[in-house]
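Notes follow the structure.
The values are calculated or read from the model by the stated rules, or taken from the named source; none is laboratory data. Predicted model only: the values in this text are computed from it and were never measured. Heads up, the Cβs are rebuilt from the backbone with ideal geometry, glycines too, and the neighbour counts pull from every protein chain shown.
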Amino acid sequence: MIDQYGKRSGKLLSRRGVLRGAIAGVSTIAGSSAMKLWGSEQDDAYEGPLLVTLQLDGGVDVTQLCDPKVNVRGEPKINHWADAADPGQAGNILFAPIADNAQLFQEFGSDMLVINGVDAQTNSHETGRLFNWTGSNAEGRPSLSALFAAAQSPNQPLAYSVFGGTSRTAGLVGYNQFSNLAAARTLVQPYVQSWSGHPWRSTADIARAHSMVQTDISRLLAEPNLSVRQRQSLLGYTEARASRDSLQRLAELIPDEADVMRGEDVNVGGQNFRLNLKEQMQSALLVFKSGLGSAADLALGGFDSHDQHDAVSEALLTHFADAIRFFWDYAETLGIAERIVLMVGSDFGRTNYYNEGDGKDHWPISSYLIMERDAPWGNRVVGLTDELHFGSPINQETLKADRNGVVMTPTHVHKALWEYLGLETFAADRGLTLPDAERLPLFDPFVSSVT
């Protein structure tokens, strides 16, 4: 037997020991939300709306994406690209003319809301991630995806899948953490060898093992001296076992090895990035197609570019654009594209100047991209920044520039999303609120900060 440190142990567990270990495992993870089947047995596939969040981890430079800035006379240079080019435009959306931005916004701009000028009020990675994905810079509130999953599909085994990003559940729902599709395959096909696709044991042996475990569980539940904690652990374990049958729906969807998206190695100036965003996307979309969940967190890392900023930013944004195209194409192939809202954000932004290493450091102002097929609020930009990429105040009704208006924070964005996604009542019923902030009509198709 291999122990937790990868060493081989000569001690073999008896059938009773296996059961005790499983029960102890359930007790242990009861206080942790990582890598467990959450919810009860659910025979019906979930067919409602879906939410995906994508964290551009490290702090993306939105002046090289959706809030382009040219250089200002007398000020430090903001962008090298602005020496020879002007911002591009797709519909009402301006973009930086680097990477594959032109095709990204030309192809998807009509289904996209750009939210610029969002002030995270911090240069700390951890606080920035927390604020951008929960709407609060203090602990205790759920991330948007956790709140959505708890409202939409709380009883599904994979209600909330996490492949990266910032996950906060506030006790509303558990999450299942995956690194890639292989991890998902192991979860839904535990009796199959990952490298060969062949079963570890015969069908008869597996059935016999299930029967033995169930017999022991029934006997233990009948014990008169069982403590409350022991009974809860046994019942939780039984519930998790019962939910496995529905996982077969996902097992049947997992493609052959040749069709599984793989990570890509990208080398920029001697820095090597292992990028598996497409694999994360494929896994999340297959979970959705199986009807086992409603929310997923994804992440693309590497944006903390304190040196060689332009090379790193362009390489990662090129991969990002290509992955976005894959995401919507694959969702269309699976027949679920019309049900998805995709939210893209980051920790914060990058400085409006280069440092001595030709990098850019932390800057509190950033942006979000919200995408949905055929959205009436698409092809719009809300929120403003000035020529040096400071957040600008906007009127809380018209969203136009207003010196007496408000500078947006993630709280404003989350307040609008709670309303748009129908989460306000669910949150209120559970005593959840966002920090005080004005209500902004970000999803009103008839108002915009830029026309």
Check your understanding: If you go through segment 242-289 one residue at a time, how many are among the hydroxyl-bearing types (Ser, Thr, Tyr) and over 18 Å from the mean Cα position of the chain (by Cα)?
Key -> 2
Check your understanding: For segment 132-185, how many residues are among the aromatic types (Phe, Trp, Tyr) and more than 15 Å from residue 50 (Cβ to Cβ)?
Key -> 3
Review point. Name the residues in segment 80-123 that are within 26 Å of residue 359 (Cβ to Cβ), in contact (Cβ under 8 Å) with a residue 12 or more places away in the chain and among the small types (Gly, Ala, Ser), would you?
Key: 82, 85, 88, 96, 99, 102, 117, 120
Review point. Does segment 276-285 include one or more residues that are closer than 23 Å to residue 165 by Cβ and of a type in the set (Asp, Glu)?
Key: yes
Review point. Of the numbered conditions (1) farther than 21 Å from residue 48 by Cα; (2) in a helix (DSSP H, G or I); (3) touching a residue at least 60 places away in the same chain (Cβ under 8 Å), residue 354 satisfies every one except a single condition; which is it?
Key: (2)
Check your understanding: Does segment 361-380 contain at least one residue that is more than 30 Å from residue 335 (Cβ to Cβ), crowded, with 18+ Cβ neighbours inside 10 Å and of a type in the set (Val, Ile, Thr)?
Key -> yes
**Study point:** Meets criteria (part of a loop (DSSP other than H, G, I, E, B), surrounded by fewer than 23 Cβ atoms within 10 Å (Cβ to Cβ) and among the β-branched types (Val, Ile, Thr)) for residue 411
**Key:** no
Study note, to complete from the structure: The strands (runs of 3 or more DSSP E) lying entirely within segment 261-312 that contain at least 2 residues which are in contact (Cβ under 8 Å) with a residue 60 or more places away in the chain are 295-300
Exercise for review: Considering each residue of segment 68-112, count those that are in contact with a Gly (Cβ under 8 Å, 6 or more places away or on another chain), closer than 21 Å to residue 384 by Cβ and among the aliphatic types (A, V, I, L, M), and give that number.
Suggested key: 5
Practice item. Could you give me the residue pairs with C-beta distances under 6 Å whose first residue belongs to segment 220-239 and is within 22 Å of residue 210 (Cα to Cα), whose second residue is outside any helix (DSSP H, G or I) and not acidic (Asp, Glu) wherever it lies, and which are 6+ apart or on separate chains? Key: 239/40
Check your understanding: Considering only residues of segment 32-76 that are under 18 Å from residue 289 (Cβ atoms) and modelled with pLDDT of 95 or more, which is surrounded by the fewest Cβ atoms within 10 Å (Cβ to Cβ)?
Key -> 48
Review point. Assuming residue 417 fulfils every condition listed in (1) surrounded by 15 or more Cβ atoms within 10 Å (Cβ to Cβ); (2) under 23 Å from the mean Cα position of the chain (by Cα); (3) assigned to a loop (DSSP other than H, G, I, E, B) apart from one, which condition is it?
Key: (3)
Study note, to complete from the structure: Taking segment 416-441 and keeping only residues that are touching a helix residue (DSSP H, G or I) at 6+ places or on another chain (Cβ under 7 Å), under 23 Å from residue 152 (Cα atoms) and aliphatic (A, V, I, L, M), one is left with 417, 421, 423, 427, 434
Check your understanding: Could we say that residue 379 is of a type outside the set (A, V, I, L, M), in contact with a Ser or Thr (Cβ under 9 Å, 6 or more places away or on another chain) and at positive phi here?
Key -> yes
Exercise for review: Read through the list (1) closer than 18 Å to residue 306 by Cβ; (2) within 27 Å of the chain's Cα centre (by Cα); (3) among the aliphatic types (A, V, I, L, M), then give the number of the only condition that residue 93 fails.
Suggested key: (1)
Point to revise | Boolean, residue 317 is assigned to a helix (DSSP H, G or I) and of a type outside the set (Gly, Ala, Ser) | key: yes
Review point. Restricting attention to segment 228-255, and to residues there that are within 13 Å of residue 45 (Cα to Cα) and among the charged types (D, E, K, R), which single residue is modelled with the lowest pLDDT?
Key: 245
